[in-house]
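To keep things clear, I will list the structure first and then write my remarks on it.
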Amino acid sequence: MRRLIAIISVLMLVVITTPTTNALPPEQTDAGALFGGQSSIANNTTALTGELADMPVIVEEYTATWCSNCVDVEMAIKNIADQENIKSYMFHRSIGETQDPFGTDELDERWESRYDRRAPPTAVFNGTEMKIGSVADGENLEEDYTNMARVSLPVEGTSTFTWTPNGMNSGVVTWSNDMSEDIFPSSQIRAQIWVVETTAKFEEGTNGLEDYNKIVRNIFEFENFRNGSEVIDLPDAFDGDDLEIHLIYAEYPILVSEEPIEESVDKPGLLPNLTILSTMLAIIAASRFSKE
């Protein structure tokens with residue numbers, strides 16, 4: 001009997017201390033919406049006008065060249081991109097990084113401050129819904145991302161974007177819109193220019209890819225979201241001459257301070273383990289009763 005109790009005690013300890021691995025469902029962020037996506041090749045003169053409601057879903061993919069399960073995320077989003085009108089942007093790790101040459105410290109800090117994360121893979125749709133990891137919550141990742149892509153933003157109005165190159169390393173970007181201020185009444189909206197490298201080759205990446213696409217190299221932000229015209233100095237491309245200029249509108253919610261509310265927080269995976277623990281205790285009790 002003592003031996004049985006000892007064995008069960010060891011099993012109980014293993015069960016309690018072993019974490020459970022579950023798919024993480026998408027979660028809402030409080031970072032604010034991202035929308036827009038009008039763009040131009042940096043070498044081309046471009047003028048675009050379009051309805052904000054018809055523009056693509058903005059997807060931020062946080063990745064690294066050594067992250068093999070990031071490839072699963074990238075392929076799943078790519079598989080639904082045309083059907084769901086998705087435009088993806090890749091943000092690569094930088095701080096403390098030794099194997100990935102594509103990230104910058106500034107964009108790494110943005111990742112952490114905006115979403116409180118620095119571990120890939122993470123996919124964020126329209127800035128408002130985030131899925132961590134590469135384990136599907138539904139039937140597969142395509143289903144998860146399709147559902148996320150179909151959560152629409154209440155954006156209305158017309159946006160105009162122009163880009164005029166000024167030599168090889170700069171250009172003038174101009175934007176304007178007639179978006180209603182009632183869409184985000186408790187937020188500030190800012191205009192952002194994302195400089196993106198179309199593709200770059202890095203054969204030393206250990207995730208099986210050699211060509212890396214849509215890499216965000218820099219972000220310029222302007223408080224005047226309604227209209228503006230700015231000269232942009234372009235960063236160097238990793239290789240080739242294939243930079244792009246993208247206009248993104250970013251929502252910044254105005255935070256209202258509230259009194260903190262104390263809540264009890266369950267540790268992930270604890271409740272299933274407690275159920276097993278209760279079962280084991282019942283076995284011990286039954287064994288002891290049968291001996292009496």
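Every number in this text was worked out from the coordinates using simple rules, so none of it is lab data. In this text, all values refer to a predicted model and were calculated from it rather than measured experimentally. Note that each Cβ is placed from the backbone with ideal geometry, even for glycine, and that neighbours are counted across all protein chains shown.
Highest mean packing comes first when the peptides 154-164, 111-121, 62-72 are listed by Cβ atoms within 10 Å, giving 62-72, 154-164, 111-121.
Computed over the Cα atoms of the stretch 27-253, pair by distinct pair, the Kirkwood hydrodynamic radius stands at 17.9 angstrom.
When each of 201, 78, 131 is scored by the number of other beta-carbon atoms lying within 10 Å, the sequence from fewest to most is 201, 78, 131.
Here the contact order of the stretch 27-253, divided by its residue count and restricted to Cα pairs under 8 Å and six or more residues apart, works out to 29 percent.
Fewest neighbouring Cβ atoms within 10 Å first, the residues 150, 93 line up as 150, 93. Put in line by how crowded their Cβ is, counting other Cβ atoms within 10 Å and starting with the fewest, 48, 141 read 48, 141.
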